[in-house]
Amino acid sequence: MENISSPSCEQPLLGSDIVQDGSTDLKGRPVSRLLTGGWAAALLIIGVEIAERLAYYGISANLITYLTSVMQETTATAAKNVNVWSGVASMLPLLGAFVADSYLGRYWTIFVSSLVYLLGLICLTLSASLTIFSPPTCVDTSYFCPKPSSFQLGFFFFSLYLVALGQGGHKPCLQAFGADQFDQEDPTERRHKSSFFNWWYFGLTSGLILFINIIMYIQENVGWGLGFGIPTMTMAIALSVFICGTKMYRHKFPSTSPMTRIIQVFVAAIHKWNLPVPSQEEQRESIIQEPFTSETTTKLLPTNQFRFLDKATVAAPLDLESKTDINWRLCTITQVEEVKLVLRLLPIWVACLMYGVVFAQSPTFFTKQGSTMDRKIIGDFEVPAATLQSFISLSIIVLVPVYDRIFVPLARSITGNERGITLLQRIGVGMFSSVLSMIVAAMIEMKRLQAAKEYGLIDKPHATIPLSIFWLLPQYILFGVSDVFTMIGLQEYFYDQMPDTMRSLGIALYLSVFGIGSFLSGMIISIVEELSSRGGGQNWFADNLNKAHLDYFYWLLAALSALFLCIYASFASCFIYKKVENITCKDEEIS
């Protein structure tokens, strides 16, 4: 984001005790820089997010096991239910972000959604603990296992989707709320805000790798009631901690609905479709300007993209005579530029969807690869195939401090950019790493299939191929590298480049990349399965992995990822970053 100073206004008093970016306390009063926000509030919010993610993954990570072993669903049905629930959970943040940016604000949206979240977790715990809500225990799975009643099944899925609804309001707001704790008008706090996104992901990953495996062990070996009860208690603690930090937080309250402002621009531009596009000088002299207050610190500058929308700022005689709300016929420059910001983000969002598809592969096919390989490490002790997913998290834990403390200062000294490299460059590096991960995965799968052939194990799907599972480590590590660059980069990009009033929506758009990526992954798998089975051909996803062709699938994903990377590079090369002008003025100038 570029900041351009206005010659007619004073610069913010950066040494002042009052936060300069318009943040207030919960009652709308100016807040002290020393007593609120900063790393103290941000670290508290990071802790709340760690607890919330433990609660979420404590349910989702082992959900397919619960559906098959307790609710007596077939593997295919359970997998379908998990995929649909995960996709819905990834899309609901769009609704939560709209509510936060339009009506409640981030704090109250987090609070209300946390209550819904906690209610859903309590219901899930009850469904696994009380016999009235769950089917009788299956004594002998080889004969008969009683299925749940319609009431039991309905109560379980009601609870599950209540959890999805709660996290839909919680997830997009908490990260944006954490970033709000840093004053954009203070150079030091602005650099800290960029670091916040790195340490956010670092804390999240560290918490998950330490505790999620313990929760899964308890669920399968102690009991599902306790296994769901722990996430419930974790969420209750998170809500309590969040409330306790209320006096420390800085708030940005919603004004008018962002979606209404966007629609008004399109309606106004369509009304003026036959008028010439105004020059930037004519725009500056427009009769309608964005109202400035003592809390206003910046305004968006006009850009040359999507010039058709600039017609919305042209005042026609009919506008002044209209008896309807003038905002539907005449818009401010700032309002038009906000719409342009959103439109500029959409091509980047589309180009990143393939990254979401690749992201969906590690907990599925990577794990199936590992299950056929030699997993012994000490004597006869075998590591679970899913354990290698921990190396993604370990890679992130190692690389985030290196990136933040070594790479960024070094790159900053070369490029002069506060972030070291631009946000789009960071995302692009990660996308390139994801292409490499698919190439490496394909090559290792070819080696695994060759080993199965050499040892005569093609027709023995349950035999262990004498190839160490640790051959898979490079593709997992490359996933971790990709996450450090693209995942964190996307979080900061969709927060930083959205209009100030739509930042929760920006985080929701980032999350939807992975929701839609999961849906697209399932669609690609279905298409490939259908095409590869035609004419008696070998299904690429055959149950016998020694006869399947996951290597072909990985090569396909690598090619598609490379194609989308090229598309992304073309969009990124012409992307115009947000340009703002400081407009904080003296009190007498404002009045």
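The set of residues from segment 212-260 being β-branched (Val, Ile, Thr), open to solvent by 50 Å² or more (accessible area, probe 1.4 Å) and at pLDDT 90 or above comprises Ile237, Val241, Ile243. Residues in segment 166-195 that are surrounded by 20 or more Cβ atoms within 10 Å (Cβ to Cβ), of a type outside the set (Gly, Ala, Ser) and part of a helix (DSSP H, G or I): how many? Total satisfying the criteria: 10.
Only residues that are open to solvent by 20 Å² or more (accessible area, probe 1.4 Å), closer than 26 Å to Pro347 by Cα and in contact (Cβ under 8 Å) with a residue 12 or more places away in the chain were counted in segment 526-562, giving 4.
Among the residues of segment 480-491, is any among the hydrophobic types (A, V, I, L, M, F, W, C), modelled with pLDDT of 85 or more, under 16 Å from the mean Cα position of the chain (by Cα) and open to solvent by 30 Å² or more (accessible area, probe 1.4 Å)? Within segment 480-491, one or more residues are among the hydrophobic types (A, V, I, L, M, F, W, C), modelled with pLDDT of 85 or more, under 16 Å from the mean Cα position of the chain (by Cα) and open to solvent by 30 Å² or more (accessible area, probe 1.4 Å). Candidates Ile465, Ile421: the one that is of a type in the set (A, V, I, L, M, F, W, C) and over 25 Å from Tyr554 (Cβ atoms) is Ile421. Within segment 392-441, being of a type in the set (A, V, I, L, M, F, W, C) and part of a loop (DSSP other than H, G, I, E, B) holds for one residue alone: Ile421.
Evaluate segment 538-551: report whether one residue or more is more than 30 Å from Thr303 (Cα to Cα), in a helix (DSSP H, G or I) and not basic (Lys, Arg).
Yes; the residues of segment 538-551 include at least one that is more than 30 Å from Thr303 (Cα to Cα), in a helix (DSSP H, G or I) and not basic (Lys, Arg).
All of Ala441, Ala463, Ala451 fail the test of being surrounded by 20 or more Cβ atoms within 10 Å (Cβ to Cβ) and among the small types (Gly, Ala, Ser), apart from Ala441.
If you filter segment 372-391 down to residues that are assigned to a helix (DSSP H, G or I) and either loosely packed, with under 15 Cβ neighbours inside 10 Å or touching a Lys or Arg at 6+ places or on another chain (Cβ under 9 Å) (or both), you find that the one that is modelled with the lowest pLDDT is Ala385.
The values are calculated or read from the model by the stated rules, or taken from the named source; none is laboratory data. Bear in mind that the values here come from a model prediction, so they are computed numbers and not experimental data. Cβ atoms come from the backbone with ideal geometry, glycine included; neighbour counts cover every protein chain shown. Heavy atoms of the whole protein, side chains included, go into the accessibility calculation; ligands, DNA and RNA do not. Shrake-Rupley method; radii C 1.70, N 1.55, O 1.52, S 1.80 Å.
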